[in-house]
Amino acid sequence: MSEVKLAAETRTEFGKGAARRIRRDSKVPGVLYGHGSDPLHLSLPGHELLLALRTPNVLISLDIDGKANELAIPKSVQRDPIKGFLEHVDLLLVKRGEKVNVEVPIHTEGELAPGGNLLEHVLNALPVEAEATHIPEAVTVSVEGLESGASVLAKDVKLPSGVTLAVEEDAVVLQVLSAQAEEPTEEAAEGGEAAEA
């Protein structure tokens, strides 16, 4: 798991105007919370934070005002819906050795059995519990040779040591569907007749 160091500054101004000024300076407003401490409002370097967030569940080492060093993981990220730039980030305070619940992306490898089968991701990310400094970037599931009707359950996913499931063992993660050509429904056929009348 990668650890990224970021310099952060505490902020005392709040509201939309203050947030706009922070973003104009190529920074991102954020909040650090956890462990029963008061939320700490921060201003973070925009470009470095954007690069760090490309890694799911990245561990961020925060140098706050050059005085305090804290470890955090991203909990919530708000982006501009059109331009995609970061608007705000919530960070969860963690300590080395502490267990945290996170969602880890699921990657697949291998080819399904021949015959036009489709793979459905019931879960795009697997809820797991892991030590904050050893969160896996992703888990990989082999779908080699799976046929229509087959499914992969959470308990079937091989997890790294020290990582445990935070979801029911029988939860369906992936399933294989048979590809079928859709036939027109009765309602569509009736709608066509009504239009002719």
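The values are calculated or read from the model by the stated rules, or taken from the named source; none is laboratory data. Just so it is clear, the structure is predicted and the values come from calculations on it, not from any experiment. No Cβ is skipped: glycine too gets one built from the backbone with ideal geometry, and neighbour counts run over all protein chains shown. Keep in mind that these areas ignore ligands, DNA and RNA; they rest on the heavy atoms of the full protein, side chains included. Shrake-Rupley method; radii C 1.70, N 1.55, O 1.52, S 1.80 Å.
Ignoring ligands and nucleic acids, what accessible area does His107 show with a 1.4 Å probe (Å², nearest 10)? Estimated to the nearest 10 Å², His107 gives 100 Å².
How many percent of the accessible area of the range 1-87 is carbon or sulfur, using a 1.4 Å probe? Walk me through the numbers before you get to the answer.
Numbers: 2550 of 5170 Å².
Accessible surface attributable to carbon and sulfur in the range 1-87 totals 49 percent.
Ordered by 1.4 Å accessible area with all protein chains kept, Asp25, Asp63, Asp90 run largest first as Asp25, Asp63, Asp90.
Residue-wise HN-Hα couplings along the range 35-50, as the Karplus relation 6.51 cos²θ - 1.76 cosθ + 1.60 with θ = phi - 60° gives them from phi, are 6, x, 7, 5, x, 10, 8, 10, 10, 10, x, x, 5, 5, 5, 4 Hz; Gly and Pro carry x. Couplings for the range 66-77, taken from phi via the Karplus curve 6.51 cos²θ - 1.76 cosθ + 1.60 with θ = phi - 60°, read x, 10, 10, 10, 10, 9, 8, 10, x, 10, 8, 10 Hz in order; Gly and Pro are left as x. Evaluating 6.51 cos²θ - 1.76 cosθ + 1.60 at θ = phi - 60° for every residue in the range 149-161, the Karplus couplings come out as x, 6, 9, 10, 8, 4, 5, 7, 7, 6, 9, x, 5 Hz, glycine and proline recorded as x. For Cα Rg over 2.2 N^0.38 Å, the value calculated from this model appears in (i) 1.19; (ii) 1.23; (iii) 1.39 under label (iii). Taking the Cα centre of the chain as origin and assigning +1 to Lys and Arg Cβ atoms and -1 to Asp and Glu Cβ atoms, the resulting dipole is close to 1820 debye.
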